[in-house]
Amino acid sequence: MVKPSSLQKTLSKGVKLTSAMAVESGDEDDLSINEQAISASEDEEGSDDERKHKKLLEAISSMGGRKRKKQSERSEASVQVSEFFVNAEGTGEKVNISDLLGTVEKTSGAANKTKKQLRNLQNSKGTLALPLNKQQTEKIQRGIAYEKTTKEVSCWQNIIVQNQKAEQIVFPLNQESLGPKQVEQVVAGWKAQTPLEQEIFRLLHSNSHPVNDPVLTPVEEASLKAMSLEEAKIRRAELQKTRALQSYYEAKAKREKNIKSKKYHKIQKKGKRKEFLKQFEEMVKTNPEGALEELKKMELSRMEERMSLKHQNSGKWAKSKAIMAKYDDSARKAMQEQLQMNKDLTQKIVVPSDDEHESNEEGLETVPDFVNDPEPIIDPVNPWMRVQLTHEEPEVSCVTTDEPQTAEQENEEEELIGEFERKRKLRQADEEDLIPTEEQKPESEVVEEDVVEVSDKEEEEEEEDEEEEDVSEFNTLFRLMRNEKTLEEDEEGLLNEGQIRVRNIEDLEILDEDVDPQPIVDHGEQISIIKEAFAGDDVISDFIKDKRKQEAAGKPKVVDLTLPGWGEWGGVGLKPSRWKRKRFRIKMASSPPRQDRKLPDTIISENRNTSIASHQVSQLPFPFQNTAQFESCIRTPIGQTWNTQGVVKKMTKPKVITKLGAIIAPMVKEDFINKTTTSAGKGPAIMLGENKRANKGREWSSAKHQGRRGSQKRKKQQT
Amino acid sequence: MAALVPEVLTSTHVEKMNKKKPPKRYWEETENTDQRRPEEEQGTAVQNQNKSTVKERSLKRKNGESLEKKDPFSGEAPIPHKQLQKFQRGEKYKVPAGARQRLKEAIISSEAMSELAQKQAARYDLLLPEDAGFLEGDEDEDTNTISQDDIADAADITSGSKYFNLHLSQFGPYRLDYGRTGRHLLVGGKKGHVACIDWQSKDLMCEMNVMETVNDVKWLHTEAMFAVAQKRWLYIYDSKGLELHCVKKFNDVLRMQFLPYHFLLATASATGFLQYLDVSVGKEIAAICTKMGRLDVMSQNPHNAVIHLGHPNGTISLWSPNQKEPLVKILCHRGAVRSLTVDKTGTYMVTSGLDRKLKVYDIRAFKPLHSCFLPAGASCLSLSQRGLLSAATGDIVQVYQNVLGSSPVSKPYMAHRLQGQIWGLAYCPFEDVLGIGHGEGFTSMIVPGAGEPNFDALDTNPFRSSKQRQEWEVKALLEKVQPELIGLDPGQLSKVDQASFEQRHKEHVEALGFDPLAKDKFKPKTKKKGRSSAGAIEKRKRKVAHEDQRDKIRQTVQERTERDKEQKEKSNEKKNLGNKSTLDRFRK
């Protein structure tokens, strides 16, 4: 008996199997399944799956032009159909494929493919393996998924390691270079989408138009860059210079404008005039036309001056000054100046090419100018006379008029200095009178020639200080000791490592002194004095004692824990027994050998310097295995005091730099993949319109498309 | 190179080889390096060569003939071996075999960096163009017979003007101190006269009489301030002579030393106290009672900022502000120590005592190198930046050369007689000048070859402007070294502290005065209804008593039981295997 339900079961199982296989086969099938789902949802928004399916089937069948096949009703193959129970007849029986085949071939509606499949099934002897149970399939799936994700994630591994090892990372990672960009670079992200664009690009490619060639060769580009930079620099420098000059000029003008000193302006004018004269002289030689023009100008100014009453001491101000001039020196000077100005301006200009008689004429011409001058006063003390003097020699410039004043000042200064000197001399004489104790230095000491002589000036006898006296006393004592007791020298062996006598001037001196018999009066007495003096000064033994004490203090002590009376009799005069001492006296471990054990005349403190310990590294940092490694790694200082500037900068380079205000986006896979490819130099030159990524995208989408188509096919088969 | 040295020089009797060095020429260096190159820079050179040959070959292959011009000076400019050695810091560490990746990378990168630093420093050594001066006599002429006047006449005007005398006979013997840049001079007369001078321009900055005995004068970190140890207290004045501070914590000061990088003023007093004053914050850092009597001999080791004191019993003691006892004590002389000085590198110490000996010590090993006998003894000693020793013997100042070598010297390099007894000696930094303070005033003496010719403009710039000085001051204060870091070994900081945890904890507890890890003692709560009786409290206390010990005991007991169990099992097995008696068959 044929049981369509069981058939359905087997079919569905087959589907299930394939779906399980799909996971293994990869992307496409997955996608196809998805597509199926999507299409179904697109078609209808019905609730029941089966109904949808039925409808779909109907629609498909109606599309076919052939006559409508009647849908065979599915019915339970049992004799008695009851709504109260399910008939379980024939449960024990197995369904043979031959049974199925027989029915299928009879039915006309069945698809050829299913028939084929059934036939194949019949031919194949082996039984189908049981599908894996849920847990196992899930495990396998998990395993596959894990592998896939690891593969996906592991491509990040390189870049991560690279970044970890990098000395410095600058965020954001892919910063765009500043400056103008080329069209190709801008266009790189854009691809042809519309058919028109595509057409155009196809044409371009087919014509082998140089789309791939960049507009500029790298060399050209570099030169362009350099040029622009240099130009920019030059331009900037120029701008800076002009700006600076402008500001200087402005500042100067402002400053000069604010200066109220008349003297300053006077000097300034004088300087200008001088310069002008110089220029004029030059002009006469080089550019006579220009000189002529200048001459004309000067003539004009002279005319103006002669016409006007300016500078003639006739104005209001001049009159007021004239009143003041009697008492005020400055007012007088001001008036003089004005007159001088008039003189200068009205003076006829001397042209070097002119003849002598002309100059004579000029002299004649100047005569009437005296009319403007104040009337000469006979009094020789009167300062106005000076004006007259200047008038007599009009060629003398303003500087010469100033000169007598400065000379006067100088005279005053000289007088002052002379006075001071006189006073000083007086004072010195007084001092000399006061100090009569001066005397010439005795020349007796200057026996030897090789002593550098100090200039022979007067010298005061100096009273010696206490200490120096002591020193000299000690010296004499020592000398005696050396003469008398050579035994002491043996003791000194501890301290002296090869005495060498210095042969020099002083030696000679001492020899001389030694020859003199005067200091040694009575040996016995003096020796006793010396012994007294050095009674407490047994320096060496004191030092040795001190050292022993230190050593003893440094040695670990025995801890005595014996208690009298425990386990035996106690009392005055009783010592704890030997076994008790052995048992309760704890010996500590011996300390390391002292640093100064081989230096008899040195005591080195064994105390640990605890103050520095808080600044020291107390635990070995991570990658290092012993202290030598770590210490060698930090042995080079990084400060500016010990290194050159460049090295300091390199050593103290920050590990991470973030650009201020820039958004730091997470890394994108394409970025570093592209980077690696371009860095390897395999990447082609810029492709107009279609870059690599776009290509890839297309491939991917096409695959997707295929997948969808495939899935649709499969769907059809199922139906 | 040898040909360049004139032969005349070799025949002069004065120690010429050390003195006269012909100026460096670039071709000498290149010659040298060319000779050495195969040995020294084998690695790089060979690599370079290899590269070039490969290139050539490839070119040949392409074009059939070598087109490339060969660069005669290919590769980096070579650095002479001597210069490289000068800047070497420690030995290169090789990557141990079988080291892990991270370790390997760390070592390699640090080595590369230190090598780069060394190379760059050696390269920049080129920027130190100045050479030291020297004095050279004619044949059969001792250099010590050349008088200062002759030198001043022979030298150029500016150098000649560095020999001058200040006749200040009124206010007694003078102590002196030069500023760190060597431009400013501070003199203090015993009878109260204090003056500071810009000695090169002879510009008097200030002059005053403090109307008290002056024991010592010292510049502080800049020329804007100086300390004067007066009869009772320590005073600090500014460069205008204005009294800024009177530090009454520091009394009876006899000698002072200023530690420039720590901003510490160390003073030794007549009462036997060694005190440290931090001049940047004005705080007393340490006051140590040395118990050695009057301290009138003092010096500092510029290498590690340790203070050396000389004592009347012939010993010299080394002190740091962190220890109350001397770091080292050396017995140097049979008589009292009169003077001592330490060289710039902190390697040598020169002492003189009442036994009229002059001794040179290696203070890294605390071993005497040699000693010599000076008939008059040396009352003052001073070492210059380039290692010239000046000793004041009576009224004569003698300058010795090559004292710091292993061989003793026999005669002085220079000598100069002064009037009156010498009270202070100091070399001017970066100048060939020795300042002498004596009873008749001050003498500036020219000593060719005394000063370091090249200065570090970022540290001690003699030509700095006031603005630069201010900037330097700020930077120096920021880089101030803490007094805790003073010790015999200045490189201690770069070493790993090997002390055990217990020891460190003990020290920590000592420093803090309490144990930060100690647990609070258990205090039982007071309960009501008679449950807080003495007995109950005691019971509750007993519950938590010896908690740590209990843990231990519990652990040991557990271990022991386990061990017993194992043993039992083992023995059982053994029994089962080995001791099968005939009666075992009857066992069920």
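All of the numbers you see were taken from the coordinates with simple rules; none came from a lab. The model shown is predicted, which means the values in this text are computed figures rather than measured ones. Neighbour counts are summed over all protein chains in view; Cβ atoms, including those assigned to glycine, are modelled from backbone coordinates with ideal geometry.
A straight chain from residue B:506 to residue B:540 at 0.36 nm per residue would run longer than the Cα-Cα distance by 9.1 nm.
Here B:95, A:572 are placed in order of increasing Cβ neighbour count within 10 Å, fewest first, which gives A:572, B:95. In terms of the mean number of neighbouring beta-carbon atoms within 10 Å, the peptides A:120-127, B:106-113 order highest first as B:106-113, A:120-127.
For chain B, the dipole from Cβ point charges (+1 on Lys and Arg, -1 on Asp and Glu) about the Cα centre works out to 6120 debye, to the nearest 20. The protection proxy used here, the mean number of other Cβ atoms lying within 10 Å of each residue, ranks peptides B:349-361, B:447-459 as follows, highest first: B:349-361, B:447-459.
Placing R0 at 22 angstrom, the Cβ-Cβ distance between residue A:229 and residue A:175 gives a FRET efficiency of 0.70 after rounding to 0.05. Averaged over the residues of peptide B:345-353, the number of Cβ atoms from other protein chains lying within 10 Å of each residue's Cβ is 0. Taking θ as phi - 60° and the Karplus parameters 6.51, -1.76 and 1.60, the scalar couplings of region A:282-296 work out to 5, 4, 4, 6, 8, 10, x, 5, x, 4, 4, 4, 4, 4, 4 Hz in sequence order, x denoting glycine and proline.
When each of A:303, B:256, B:205 is scored by the number of other beta-carbon atoms lying within 10 Å, the sequence from fewest to most is A:303, B:205, B:256.
Each residue of region A:334-346 is assigned a 3J(HN,Hα), and the resulting list reads 4, 5, 4, 4, 4, 4, 4, 4, 4, 4, 4, 6, 7 Hz, derived from the Karplus form 6.51 cos²θ - 1.76 cosθ + 1.60 (θ = phi - 60°), x at Gly and Pro. Projecting label points 7 angstrom from Cα along Cα→Cβ for residue A:95 and residue B:102 puts them 6.4 nm apart.
By the gyration tensor of its Cα atoms, with a ≥ b ≥ c the square roots of the eigenvalues, what is the shape of chain B: rounded for a/c under 1.5, prolate for a/b over b/c, or oblate? Note, shape of chain B comes out oblate.
Distance from the alpha carbon centroid of region B:543-557 to that of region B:371-432 works out to 72 angstrom.
Other protein chain C-beta atoms within 10 Å of residue C-beta, averaged over B:319-329: 4.
For trypsin sites (Lys or Arg not before Pro), the sites in region B:191-254 that DSSP calls loop and that have at most 12 other Cβ atoms within 10 Å are B:202, B:240. For the pair residue A:198 and residue B:212, label points projected 7 Å from Cα toward Cβ lie 10.3 nm apart.
Each Lys and Arg Cβ is given +1 and each Asp and Glu Cβ -1; about its Cα centre, region A:236-309 then shows a dipole of about 740 debye. Pairs B:329/B:357; B:191/B:218; A:580/B:565; B:248/B:467: which are spaced more than 27 Å apart, C-alpha to C-alpha? Correct reply: A:580/B:565; B:248/B:467. Which FRET efficiency value, to the nearest 0.05, is calculated for residue A:553 and residue A:585 with the Förster distance at 25 angstrom and r the Cβ-Cβ distance? Here the calculated transfer efficiency is 0.80. A simple charge model with +1 on the Cβ of Lys and Arg, -1 on the Cβ of Asp and Glu and nothing else charged puts the dipole of region B:479-588 at about 1800 debye relative to its Cα centre.
Which pairs break 27 Å Cα to Cα here: B:82/B:475; A:274/A:343; A:297/A:321? In this structure, B:82/B:475; A:297/A:321 lie more than 27 Å apart at Cα.
Taking amide H as placed 1.01 Å from N in the peptide plane, the amide H of residue B:380 sits under 5 Å from that of B:392, each at least 5 places away or on another chain. For residue B:515 and residue B:527, the difference between the fully extended length at 0.36 nm per residue and the C-alpha to C-alpha distance is 1.2 nm. Sorting B:138-148, B:469-479 by their mean Cβ neighbour count within 10 Å, with the most densely packed peptide first, gives B:138-148, B:469-479. For chain B, the 222 nm mean residue ellipticity estimated from helices alone, with every DSSP H stretch of n ≥ 4 adding -39500 (n - 2.57) and the total spread over all residues, rounds to -8500 deg cm²/dmol.
Among the residues of A:622-635, the average count of other protein chain beta-carbon atoms within 10 Å of the residue beta-carbon is 6.
For a 29 Å ceiling on Cα separation, which of these pairs sit above it: B:506/B:552; A:649/B:495; A:549/A:582; A:587/B:552; A:55/A:134? A:55/A:134, as the Cα separations exceed 29 Å there.
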